[in-house]
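The values are calculated or read from the model by the stated rules, or taken from the named source; none is laboratory data. Just so we're clear, the structure is a prediction, and the values are computed from it rather than from any experiment. As a convention, Cβ positions derive from the backbone with ideal geometry for all residues, glycine included, and neighbour counts pool all protein chains shown. For accessibility, only protein heavy atoms count, side chains too; no ligands or nucleic acids. Shrake-Rupley method; radii C 1.70, N 1.55, O 1.52, S 1.80 Å.
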Amino acid sequence: TDTPGFTAVIKAGNSTTSFPTTVSASKQVGSEGARFSITKGPYRYYLVWITQLGDGYDRAHVNEVRAS
C-alpha cells in the first residue's frame, strides 16, 4: 500500500451483499503489506474491511490482494 498504517480485518460471507463473519485477526498494514490468516471457512466471498486509517491519511489504498 502507498498509505501504510491502516488497520484491517478480513470478513466473509456467501452473498455479495453480506459479510457477517470476521475470519482473521485485526492487523496493521505496513508499506510492505500484511499477511492475514483465514481462521474460518470456506466462504464464497471475502472483503478487506478497513477499521482504522493510518495516522495522517484520510483514505487507505489497497493496491493488491493475493490468496494462496
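Miscellaneous remarks
- Sorted peptide list for 17-23, 32-38, criterion being average Cβ within 10 angstrom, highest first: 17-23, 32-38
- Normalised per residue, the accessible area of the chain is 73 Å², obtained with a 1.4 Å probe and no contribution from ligands, DNA or RNA.
- Subtracting the Cα-Cα distance of Thr16 and Arg44 from their residue separation scaled by 0.36 nm leaves 9.2 nm.
- For the chain, the percent of C-alpha pairs falling in each 5 Å distance bin, counted from 0 to the bin holding the largest distance, reads 4, 18, 28, 23, 17, 9, 2, 0.
- Carbon plus sulfur fraction of accessible area for the chain, probe 1.4 Å, in percent: 47 percent
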